[in-house]
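The values are calculated or read from the model by the stated rules, or taken from the named source; none is laboratory data. None of these values were measured; they are calculated from a predicted model. Here the Cβ is made from the backbone with ideal geometry for all residues, glycine too, and neighbour counts use every protein chain on show.
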Amino acid sequence: MAHSARRDAPELPDFSLLKRLARDQLIYLLEQLPGKKDLFIEADLMSPLDRIANVTMLKQHDVDKLYKVENTPIFSTCDQICFLIRPRIQTVKWIADTVNADKAAGKFRKYKIIFTPQKFYACETVLEEQGIYGDVSTDEWAFYLLPLDDDIISLELPEFFRDNFLEGDQRWVTTGGSALHLLHSLFGPFSKVYGIGRCAKMVYESWREQVEESEQKAQKSEIGNVFLIDRDVDFVTPLCSQVVYEGLVDDIFRIKWCVEFGPDVTTADKSMKVMLNSQDKVFSEIRNEHFSNVFGFLSQKARNLQTAYDKRRGMDIKQMRTFVSEELKGLKQEHRLLSLHIGASESMMKKKTKQDFQELLKTEHSLLEGFDIRECITYIEEHINRQVSMIDSLRLLCLLSLTENGESQSYGIEHLLTFANLRQLGLLVEQQPGDALTAMESKVGKLVNDKTAEKLTGAFSSLAKKSNFRALSKKLALVPKTGEEYDLRVPRDMAYVFSGAYIPLSCKLIEQVLERDGWTGLEEVTRMLNGNEFVVTGEAISDARFKTDSQRIILVMFLGGCSYSEISALRFLGREKGYKFIVLTTAIINSARLMEAMLDNHV
Amino acid sequence: MMRSKPDEDDYWNSSKCRAFTFDDDYDELSSLKESKRAVNSIRQFVVDEDEDEDDMVKVSWSGEPIGSITWSIKETASSTKQEQSFPKIDSGPSLPRQGSGYSLSSLFKAFSEPSTRNFAPELRKPKSEYKDYVSDWSPEETVKRMQRGKFCSLETFRSLKDKMQLLDQAVCANDGNVITAVCTHVFLQKYFLQCKLEVLSRELMSRDVALRHYIHYLKEMGEQKLLVELFKSLGRTEDMALLQYREHLSIKDEVRRKEYLKSCISLPFPPDDAGHVQDHYTLLERQIIIEANDKHLENKGQVEVFKKHPRKASILNMPIITTLYYSCLQFPFKLSLTLPSTISEKQYLLTALSARAKLKEWLDVGSLFTTKNWLGYTKKRSPIGFHRVVDILHKNNAPAQVLQEYVCLVEDPNLKISLAQKYKCHDIVIDMYKDQKDRQQLIVYQGKVERGSPEDKKIQDILNNTQIRWKN
């Protein structure tokens, strides 16, 4: 809905260039294997590929049949096979099995593996160990960046989070550096880089080295500033339930390049895949809105639409013709979109009602505020007992542990240990008076019959060892004072993305650093965030013209993923301050994806 | 766990909606419904002229846009299946393709980025040409070359000191890919045997970053045995135990899985975890018995509950609460005798309540809360708060009478009255206002009930009663 946007906000660069580059390079790679070939594509590369290429284009370059990589024996009859995969050991092992099975059957074919965005030595080791190194040629498709929307670019690497933060594997650091390098060479030079986090520092270093090694031609800078932030700087925000329209759709229907709406939404007898982006005129107006505003907006739209259609009554032939040629198409499209989003809102409302969403939100807000913790614990305990949803229970436990870590005094010293030792989940102790958390641990242990819970919460508490959420929240004023009315229709700050209860820590940091042009004055905050903050000034820009525009375009890179709520908050901040944010993320996450990344129950 | 989730949801989330407010905006939903009706009524008009929908993407039956890669792969998949059932010698004509006259490769070569790595030219050089200077590379240069994806021989780093220098250099470069590569070269399996794990672990212990990379690599490679040995020599026995315990996930056969779990009990877990593993074993053992028994009963088709509620999934490997719920569905209170000590009274009550409510066995529900005192009077007690009980009953579509009975038991008068209003237990609301002598509220409430209904009459009678001394 129309916010009082600053008029002077600069235009965003055109990122379709990234798609074209990736497509051209893929064509080049396919031509390196001349002749008819079958192409096997890794499942999670299919949709990103769909965004930049199509079947006709692949067919034009001698691709005969397309298959999904499924870890089962293949049935291709082609004598050339090309695999387009992520550099994952499991997939390479499957390819090795496939090649060896062919060998055993006396089949001779040409094989090529295209790793994207890059190959790893470990993958080549597999080829060597399985005795097929040399039988298979390898290549790299430097497809780093997929523009998801005008202001969102994704690396499409959900595993970045787990690999980097849980396993401590830095394999994606260079990838992050290369992604930045690509953007820098196309839309740079960047004049200032801010960052916080261990990984952010390493990615910056990797990028810097790559810049030093390549020649940078002088060009007009389109993106002035860059902000790098590690996900472990702020785990609280992505663990909260999302209430902004786009975030809520992601929480409920799971946006994965597009969203699949079931028959309950489409009011047809089959489900439908829908692209949700700024092309959808209805969506682009409600995506950043608090869910409670969406109904009113959609109702108003429906009324307007009705009026527009009603105009045709009493028209003469000529007027009718103008109406049909000029307005009807637009109206029909709007009508289609409107009924889709009304259906989606209705369906989400039903689902959330079933879940007692209101109470869940209340608990989350209390946790964020540090208020009524006992009641929250009771609620979480009951949530676990009733087995409402395992992922939600774990999420709440993690929120509890993250938000309460700094506030141990009120619980006595034994709880400091309890919190720090959340890794010892699955304890089977009977409830002792005042020992709520231990009892809860035992319940989580019962909830799942393997070590999942332990692994998970253990991982989180060790990841966020020094979570000082309460102190940070006070210092940065993340939680608005209670008692004040918050009008969600006219948001006054970024807190609106969480019903006015909490300003996302990540976004608040970005706001503060941009305002101060650095970390000065935030020393205490960075100390509580385990340090690793930096700011680097690049070459001074002499031309004042570029200064004004590109300086207000800020690329924010989230290492480990970001949520739609954070994107909405940044869009709001941009409108308020006259910035334009471009979000570069390793993947779009939400609380469920974050939790699932921690699960360890697959073999 | 996750695989069985839908089944669990079926067990647990089968309850009905409850009124939900988002900022107390009740009316928004109804206005939304109106909009929906309005929009749908327009549809008629739109559908009539829908032929020229050229702005819409054509979609196949599954909803994929036709011509998309995802769609095409599905097509191949279905045609592959056909090939399997109708074997052909020829794979059939491939889809027609448009010939491309031009090649992009020539264009692209000139365009090639500096960062594009090229392995092949390096490999093609005659061996004699690089052999000499390879050995001269310092750890720094070697790591640099590896980062660029250039050919490197690590054979020249032979002494332990050289190897460690190389490893440290890789760690300094922050490139996980290179760190892992150096780890695998430095700690080849044969080296493991030669130099004994103690040496290795001594060197690795002080190199946490490298160690984590190596552990992750071994995990991904499925090098279970090596990893167990590594943890052992590092003194990380708990990690070792967990790793071995994790193996049970790969055992499909439940009897073998059970036996494996039994063998895990003696692993060096911290004491609490050991208890947990023991419980896991006991649970699976019980589930195997229940499963065998129920499968048999279900096949015979004589047990009423299986006819009414066919088993959606096997009970094997379900969490303990789900198992309890499952048992409560069939044998209401049999299991309570052998209730595992690890389940609290609250948990048992909630579970049994949900199960019996789902079966609409309201009498059973009642007996869950009934306690007798020494005089033989019965009283209803609940450790979980009766407002919760009411909520669960409502979600299971309990009849008004049952709901009313439990709303009555809610202690907090404010909560009670709001619940009574919510679930339309008119008698309770009316009686409470009467007791509070709150004439105003009663009049307001009269406006909410149906005119001429017994409730309406009751309120009227009370309002007409001159005996009552109203407070307002």
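In the set (1) assigned to a helix (DSSP H, G or I); (2) small (Gly, Ala, Ser); (3) surrounded by fewer than 17 Cβ atoms within 10 Å (Cβ to Cβ), the condition left unmet by residue A:302 is number (3). The sole residue among A:132, A:95, A:152, A:52 that is more than 14 Å from every other protein chain (Cβ to nearest Cβ) and touching a residue at least 60 places away in the same chain (Cβ under 8 Å) is A:152.
Taking the condition of being of a type in the set (Lys, Arg) and within 8 Å of chain B (Cβ to nearest Cβ), how many residues in the range A:310-335 meet it?
2
When the range B:461-472 is filtered for residues that are surrounded by 12 or more Cβ atoms within 10 Å (Cβ to Cβ) and in a helix (DSSP H, G or I), the ones remaining, listed by number, are B:462, B:463.
Only one of A:573, A:488, A:514, A:522 is out of contact with any Leu (no Cβ under 7 Å at 6 or more places or on another chain), without any contact (Cβ under 8 Å) to a residue 40 or more places away in the chain and either surrounded by fewer than 24 Cβ atoms within 10 Å (Cβ to Cβ) or not aliphatic (A, V, I, L, M) (or both). Can you tell me which?
Only one candidate passes the filter, namely A:522.
Taken together, the criteria exclude residue A:348 from residues that are buried (at least 22 other Cβ atoms within 10 Å of the Cβ) and either assigned to a helix (DSSP H, G or I) or modelled with pLDDT under 65 (or both). Counting the residues of the range A:481-529 that are part of a loop (DSSP other than H, G, I, E, B) and over 21 Å from residue A:241 (Cβ atoms) gives 13.
Here the helices (runs of 4 or more DSSP H) wholly within the range B:169-245 that include at least 3 residues being farther than 25 Å from residue A:175 by Cβ and at pLDDT 80 or above are B:224-234. Take residue A:117 and decide whether it is at pLDDT 90 or above and facing chain B (nearest Cβ under 9 Å). No. Take the conditions (1) assigned to a loop (DSSP other than H, G, I, E, B); (2) out of contact with any Lys or Arg (no Cβ under 8 Å at 6 or more places or on another chain); (3) not β-branched (Val, Ile, Thr); residue A:33 misses just one of them, which is (2). Listed by first and then second residue, the pairs with beta-carbon distance under 6 Å, at least 6 apart or on different chains, first residue in the range B:206-227 and facing another protein chain (nearest Cβ under 8 Å), second crowded, with 18+ Cβ neighbours inside 10 Å and part of a loop (DSSP other than H, G, I, E, B), are B:213/A:169; B:216/A:167; B:216/A:169. Among residues of the range B:424-438 that are assigned to a loop (DSSP other than H, G, I, E, B), those with a beta-carbon under 6 Å from a residue that is surrounded by 21 or more Cβ atoms within 10 Å (Cβ to Cβ) at least six positions away or on a different chain give the pairs B:425/B:407. Whether a residue is modelled with pLDDT of 50 or more, in a helix (DSSP H, G or I) and within 10 Å of chain B (Cβ to nearest Cβ) was assessed, and residue A:353 passes this test. For the range A:86-102, the criterion of being polar (S, T, N, Q), under 25 Å from residue A:179 (Cβ atoms) and either within 26 Å of the chain's Cα centre (by Cα) or surrounded by fewer than 18 Cβ atoms within 10 Å (Cβ to Cβ) (or both) is met by at least one residue.
Look at (1) free of Cβ contacts under 8 Å to residues at least 24 places away in the same chain; (2) more than 8 Å from chain B (Cβ to nearest Cβ); (3) farther than 30 Å from residue B:217 by Cα and you find that residue A:71 fails only one, number (3). Scan the range A:545-558 residue by residue and report those that are modelled with pLDDT under 95, hydrophobic (A, V, I, L, M, F, W, C) and either within 18 Å of residue A:505 (Cβ to Cβ) or assigned to a loop (DSSP other than H, G, I, E, B) (or both). Scanning the range A:545-558 gives a single hit, A:554. Assessment of the range B:428-438 against the conditions (within 35 Å of the chain's Cα centre (by Cα) and crowded, with 21+ Cβ neighbours inside 10 Å) yields no matching residue. In the set A:81, A:114, only one residue is within 23 Å of residue A:169 (Cβ to Cβ) and surrounded by 21 or more Cβ atoms within 10 Å (Cβ to Cβ); that residue is A:114. Could you please let me know if residue A:53 is surrounded by fewer than 16 Cβ atoms within 10 Å (Cβ to Cβ), small (Gly, Ala, Ser) and farther than 21 Å from residue A:132 by Cα? Spelling it out, it is not the case that residue A:53 is surrounded by fewer than 16 Cβ atoms within 10 Å (Cβ to Cβ), small (Gly, Ala, Ser) and farther than 21 Å from residue A:132 by Cα.
Given the criteria under 19 Å from the mean Cα position of the chain (by Cα), within 14 Å of chain B (Cβ to nearest Cβ) and among the hydroxyl-bearing types (Ser, Thr, Tyr), does residue A:241 qualify?
For residue A:241, the condition - under 19 Å from the mean Cα position of the chain (by Cα), within 14 Å of chain B (Cβ to nearest Cβ) and among the hydroxyl-bearing types (Ser, Thr, Tyr) - is met.
Selection of the range A:275-306 for residues being more than 7 Å from chain B (Cβ to nearest Cβ) and among the hydroxyl-bearing types (Ser, Thr, Tyr) yields A:278, A:284. Looking only at residues that are of a type in the set (A, V, I, L, M) and assigned to a loop (DSSP other than H, G, I, E, B) in the range B:376-407, which one is surrounded by the fewest Cβ atoms within 10 Å (Cβ to Cβ)? For the range B:376-407, the residue satisfying everything is B:384. Determine, yes or no, whether residue A:248 is within 13 Å of chain B (Cβ to nearest Cβ) and crowded, with 22+ Cβ neighbours inside 10 Å. Yes. Would you say residue A:340 is assigned to a helix (DSSP H, G or I), under 25 Å from the mean Cα position of the chain (by Cα) and at pLDDT below 80? So residue A:340 does not fit the description; no.
Pairs meeting the criteria (first residue in the range B:233-246 and more than 14 Å from every other protein chain (Cβ to nearest Cβ), second residue surrounded by fewer than 18 Cβ atoms within 10 Å (Cβ to Cβ), beta carbons under 8 Å, at least 6 apart or on different chains) are B:233/B:197; B:233/B:198; B:234/B:205; B:237/B:268. Per the conditions (1) assigned to a loop (DSSP other than H, G, I, E, B); (2) modelled with pLDDT of 80 or more; (3) surrounded by fewer than 17 Cβ atoms within 10 Å (Cβ to Cβ), the sole criterion not satisfied by residue B:410 is (3).
Within the range B:147-161, the residues that satisfy the criterion of being surrounded by 14 or more Cβ atoms within 10 Å (Cβ to Cβ), closer than 17 Å to residue B:171 by Cβ and either of a type outside the set (Phe, Trp, Tyr) or in contact (Cβ under 8 Å) with a residue 60 or more places away in the chain (or both) are B:147, B:152, B:154, B:160.
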